[in-house]
Amino acid sequence: MTQTQMPPAAVTSSSTASDAPAFSRRAALMLAGGALASATVFAPNIARAAAPFAFPPLPYPEDALVPTISARTVGLHYGKHSKGYYDKVNQLAAGKPYADMTLAEIVVAAKKGGDTAMFNQAAQAWNHDLYWASFKGGFQQPDAAFAKVVDQQFGSLEILSRKMVEAGDTVFGTGWVWLVKDGDKLDIIGMKDGMNPLADGKTTLVGVDVWEHAYYLDYENRRAAHVDAVLKKLVNWQVVSDRFG
Ligand code: MN
């Protein structure tokens, strides 16, 4: 068995990951404070608020995103890149105050403290957790309440998706295009490298990775085509609706 095929559960030595209770908003409110709590819509490590952080299992098989994203891309992206960020976070957190924080708290603390080395790794670990979880269940339409918000602000999900593709195309080099909740409105933000809205205290609804490792094997230089396909064929907009609340 090659490393990329290794079951995610075996990647880290976490005996508590599998029996950790599922994340709940209530748990976030209890464990996180102030602005962070309202921003922490997705925090898979909330129930295990201490390093070493267990690398979350991919919530579907590596070939589940075919043909939009190949199994080879998922294998490398999840098995090497995502895992690598977790490994680095655990190395950097060892013996530090970070070791008692949640991953989301580390992202905020590292940004605030100017700890670029930790911020980059922790943000990317968090970003990728959100990314993989957004495809669980496959493409689904948003719920009625979220669809109404989308329609009122953009006219349609199609137009929102087009705006995200455009924003993704304007990110120079590596980065992400994010859909965020700003009050009761939506905002689309392109950000460099591992930067994310969580660090700015905003609620992140969905993000599309526009680092070349996310699409180059399958789409070569056609970033826009990749982002378009992800939004229209992979994102579970019901999950996004739940994050909007
Ligand atoms: Mn990535």
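Key figures for this structure:
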read-out	value
Potential lengthening between Gln152 and Asp242 on full extension [0.36 nm per residue; Cα-Cα distance subtracted]	30.6 nm
Set of segment 140-168 residues, backbone N closer than 16 Å to the point 7 Å along the Cα-Cβ line of Ala224	159-168
Ratio of Rg to Rh over segment 113-157 (Cα coordinates, Kirkwood Rh, two decimals)	1.22
Extended-chain gain in nm, criterion 0.36 nm per residue less alpha-carbon gap, Lys136 and Ala64	25.0 nm
R0 of 25 Å, Cβ-Cβ distance Thr174-Lys232: FRET efficiency to nearest 0.05	0.60
Solvent-accessible area, 1.4 Å probe, carbon plus sulfur percent, for segment 63-113	58 percent
When segment 175-245 is reduced to its Cα atoms, the Kirkwood hydrodynamic radius in Å	12.8 Å
Nitroxide proxy distance, nm - points 7 Å out along Cα→Cβ at Ala50 and Gln91	2.4 nm
Loop-located GluC sites (Glu not before Pro) in segment 112-221, at most 15 other Cβ atoms within 10 Å (DSSP)	Glu220
Cα→Cβ-extended label distance, 7 Å offset, between Asp182 and Ala145, nm	2.2 nm
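The values are calculated or read from the model by the stated rules, or taken from the named source; none is laboratory data. Remember, it's a predicted structure, so these values are computed and weren't measured experimentally. Cβ: placed from backbone, ideal geometry, glycine included. Neighbour counts: every protein chain shown. We work out accessible area using only protein heavy atoms, side chains counted, and drop any ligands, DNA or RNA first. Shrake-Rupley method; radii C 1.70, N 1.55, O 1.52, S 1.80 Å.
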